[in-house]
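Student: This is the structure, below, for whatever I ask next.
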Amino acid sequence: MFNYTDVLETINMVEREHLDIRTVTMGISLLPCIRSDAKATADAVYETVTKRAENIVKVAAELSKEYGIPIVNKRVSVTPVSLITAAFPEKSALVGRALDRAANTLGIDFLGGYSALVHKGMADYERRFLETIPEVLATTEKLCSSVNVGSSKSGINMDAVRLMGEIVKKTAEITADRDGFGCAKLVVFCNAVEDNPFMAGAFHGVGEKDAVINVGVSGPGVVQHALEAIPDADLAEVAEMIKRTAFKITRAGQLIANEAAKRLNASFGIVDLSLAPTPARGDSVAQILEEMGLESVGTHGTTACLAMLNDAVKKGGVMASSRVGGLSGAFIPVSEDIGMIEAAERGDINIDKLEAMTAVCSVGLDMIAIPGDTSAATISAIIADEAAIGMINNKTTAVRVIPAPGKKVGDSVNFGGLLGRAPIMPVHDKSSIKFISRGGLIPAPIHSNKN
Amino acid sequence: MRAVVTVVGKDKTGIIAKVSTFLAERDVNILDISQTIMQDYFAMIMMVDLANASEKLADLAEDCRKMGEKIGMSIHIQHEDIFNAMHSV
């Protein structure tokens, strides 16, 4: 029989501290769907996805009730679409829309994989695929897109970086009626991972099985609450407490992942040990950092606190899961975290500090709204900076910025739901255009030569 | 399959009677009960067996929630594995 403390702790975590399984994501290979023309391929893609993930919503609802833990999102990730449409890249939108229709048929929240991997070089079919992204994101609802422009092993493809600055800008412009919402579904990576369950960057790598279940757990509120109980502890004790809490959260994720894989007749992939915030109060990574002793996230000490948090989450989570993967760490999206939103509104956090934070946490500059008149070259330069941090530190970094059309510093955008709201954050006004225009490849760092 | 029922809320008379009747009506067998009062709050944990239960666990969970609302308590039923997973190595 269990003791009161343990049982009631679990109940409290769910009821008061927002413990949830953020996402059950099914990765599906689209490689068997390649046909000789775009229409037939799109039909095969729709068939495959709707059949393979047919029960994902039903099974997630059952699991959620049986184990008493909410499962917030049901998602699907697919093989990077640029590989499926290589023979007819300018018609990739047909496949993109088929995927979006499949997502609607299934009733899932997001579908990721309108993606391309161009970290070393960009083939002509990939360039033409990338050019379809803005229009596809503007005409679909649930489809997410990601592009990998660099890696520690290959360097940074600056031609792709330059193009992605333009694509982000264009995506914002053609979704101007929704404050550039298309950009919330588009992420530019360095060192993208093949088993990430989180959006907008999820895709199903070609090294994966045909259908796998990847689960992302959440629970910043649980960690914050645990730290509230030890206000005077030193940092070693704080780290221990985070580890213990991360262990419990991750074990819940592992259990759900195993059961979901079994019931959906797929393989268990990975558990992503992440602290993913939502805009709800008490479900914030920023508030954990503040609980550690910062007056506001963004002030001096933030990077150190985040580094410790990120590391302790990994240490606690690794033992709790049989297979860890994805992004695994603390997420710091601005619009999706109430502590970040408020700090940005007060002017206590800026893009430079966020960039420093991305060197020690699991992702990058995420869900940051910037002025609508930010140039494509500046966006490319932001991407290049992030990619450099990822490349040199052997970690995943990403950029998901929204240059909100017509908005300037002092305004804000509101995307609603999990995507939240964000004040427009200033960017530097000096030009990077000459650097970005050079193009070419930033060579891989010396420490990538490990063979 | 075994599950854990938790009942938490302000103490009043007849809670155990109501909850155990509710479970008996659904052929849920109670294996173990532990109950206490913590600062005026009633807290009960039951280990139950669902081998002969007339409803699936997901439906029982929904019924428990409604029952809880009716008697002004918070009632959950959850698969025991969630507690095993989170609180034992």
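Student: Could you work out [θ]222 nm for chain B from helices alone, using -39500 (n - 2.57) per DSSP H run of at least four and dividing by all its residues? Round to the nearest 500 deg cm²/dmol.
Tutor: Helices in chain B give a 222 nm mean residue ellipticity of -11500 deg cm²/dmol.
Student: Hey, any idea what Rg/Rh is for region A:1-110, computing Rh the Kirkwood way over Cα pairs?
Tutor: We get a ratio of 1.18 for region A:1-110.
Student: Averaged per residue, what accessible area in Å² does chain A show with a 1.4 Å probe, protein chains only?
Tutor: On the way: 16300 Å² over 451 residues.
Here the residues of chain A average 36 Å² of exposed surface.
Student: Using +1 at the C-beta of Lys and Arg and -1 at the C-beta of Asp and Glu, which of B:Leu50, B:Met86, B:Ser34 has the Cα lying farthest in the positive direction of the dipole of chain B?
Tutor: Checked the options; the winner is B:Ser34.
Student: When a/c reaches 1.5 or more, the comparison of a/b and b/c decides; with that in mind, is region A:31-186 rounded, prolate or oblate per its Cα gyration tensor?
Tutor: Taking the square roots of the gyration eigenvalues as a ≥ b ≥ c, region A:31-186 is prolate.
Student: Give the long-range amide H neighbours of A:Leu186: residues separated by 5 or more places, or on another chain, with amide H under 5 Å away, using H modelled in the peptide plane at 1.01 Å from N.
Tutor: A:Ser145
Student: Can you tell me what share of the DSSP beta bridges in the protein assembly as shown is antiparallel? A percent to the nearest 5 is fine.
Tutor: In the protein assembly as shown, DSSP labels about 55 percent of beta bridges as antiparallel.
Student: Explain nothing, just compute: Karplus ³J(HN,Hα) = 6.51 cos²θ - 1.76 cosθ + 1.60, θ = phi - 60°, for every residue of region B:20-32 in order, whole Hz, x for Gly and Pro.
Tutor: Calculated HN-Hα couplings, in order: 6, 5, 4, 5, 4, 4, 9, 6, 9, 8, 7, 9, 7 Hz.
Student: Given a 1.4 Å probe, show me the residues in region A:238-254 buried by at least 10 Å² of accessible surface when comparing the whole protein assembly to the chain alone.
Tutor: Going by heavy-atom accessible area, the residues of region A:238-254 that drop by at least 10 Å² are A:Phe247, A:Lys248, A:Arg251, A:Ala252.
Student: So, with a 1.4 angstrom probe, what is the percent of accessible area on region A:342-451 that is carbon and sulfur?
Tutor: On the way: 2610 of 4930 Å².
Here carbon and sulfur together make up 53 percent of the probe-accessible area.
Student: While we're looking at this one, here's another question. Could you give log10 I(q)/I(0) at q = 0.09, 0.11, 0.12 Å⁻¹ for the protein assembly as shown, computed by the Debye formula over C-alpha point scatterers of equal weight, without solvent?
Tutor: Once normalised to I(0) and log-transformed, intensities are -0.66, -0.95, -1.10.
Student: Rounded if a/c is under 1.5, else prolate if a/b is larger than b/c, else oblate: which is region B:46-89, with a ≥ b ≥ c the root eigenvalues of its Cα gyration tensor?
Tutor: The shape class here is oblate.
Student: Also, quick follow-up: Which of the helices in chain A, when you take each full DSSP H run, stretch at least 20 Å along the axis at their Cα atoms and have an average Kyte-Doolittle score of 0.0 or higher? Present the calculation step by step, with values, prior to reporting the outcome.
Tutor: Details: long enough: A:38-52 (21 Å, -0.47); A:92-106 (21 Å, 0.33); A:124-139 (24 Å, -0.40); A:158-174 (24 Å, 0.28); A:235-263 (42 Å, -0.07); A:302-320 (27 Å, 0.66); A:376-393 (26 Å, 1.27).
Qualifying helices, which must be both long enough and hydrophobic enough, are A:92-106, A:158-174, A:302-320, A:376-393.
Student: Hey, another quick one. Please list the non-local residues whose amide H lies under 5 Å from the amide H of A:Ser218, H modeled 1.01 Å from N, same-chain partners needing a gap of 5 or more.
Tutor: For A:Ser218, whose amide H was placed from the backbone, the distant partners under 5 Å are A:Asp20, A:Arg22.
Student: Add -39500 (n - 2.57) for each DSSP H run of 4 or more in chain A, then divide by its residues: what number comes out at 222 nm, to the nearest 500 deg cm²/dmol?
Tutor: Details: 15 runs with 196 residues, N = 451.
Per the formula, -14000 deg cm²/dmol.
Student: Carbon and sulfur together cover what percent of the accessible area of region B:2-87 at a 1.4 Å probe radius?
Tutor: Carbon-and-sulfur percentage of accessible area, whole number: 47.
Student: Return the distance in nm (one decimal) between the two label points of a simple spin-label model at A:Lys51 and B:Arg2, each offset 7 Å from Cα along Cα→Cβ.
Tutor: 4.2
Student: Follow-up question, since we're still on this one. Please state the charge dipole magnitude for the protein assembly as shown, taken about the Cα centre, from unit charges on C-beta atoms (+1 on K and R, -1 on D and E), reported in debye and rounded to the nearest 20. Spell out each step's value before the answer.
Tutor: Working: 54 positive and 66 negative charges, 282 e Å.
With only Lys, Arg, Asp and Glu charged at Cβ, the dipole is about 1360 debye.
Student: Within chain A, which is the longest segment containing none of the trypsin sites (Lys or Arg not before Pro) that sit in a DSSP loop and have at most 14 other Cβ atoms within 10 Å?
Tutor: Values: sites that count: A:Arg16, A:Lys209, A:Arg281, A:Arg323, A:Lys408, A:Lys430, A:Lys450.
The answer is A:17-208.
Student: Right, another one. Students often forget the sequence filter, so: which lysines lie under 17 Å Cα-Cα from A:Lys153 once same-chain residues fewer than 8 apart are removed?
Tutor: Excluding near neighbours in sequence, the set is A:Lys120, A:Lys395, A:Lys450.
The values are calculated or read from the model by the stated rules, or taken from the named source; none is laboratory data. All values reported here derive from a predicted model rather than from experimental measurement. Glycine also receives a Cβ, built like all others from the backbone with ideal geometry; neighbour counts cover every protein chain displayed. Areas reflect the complete protein model, heavy atoms only, side chains present, ligands, DNA and RNA absent. Shrake-Rupley method; radii C 1.70, N 1.55, O 1.52, S 1.80 Å.
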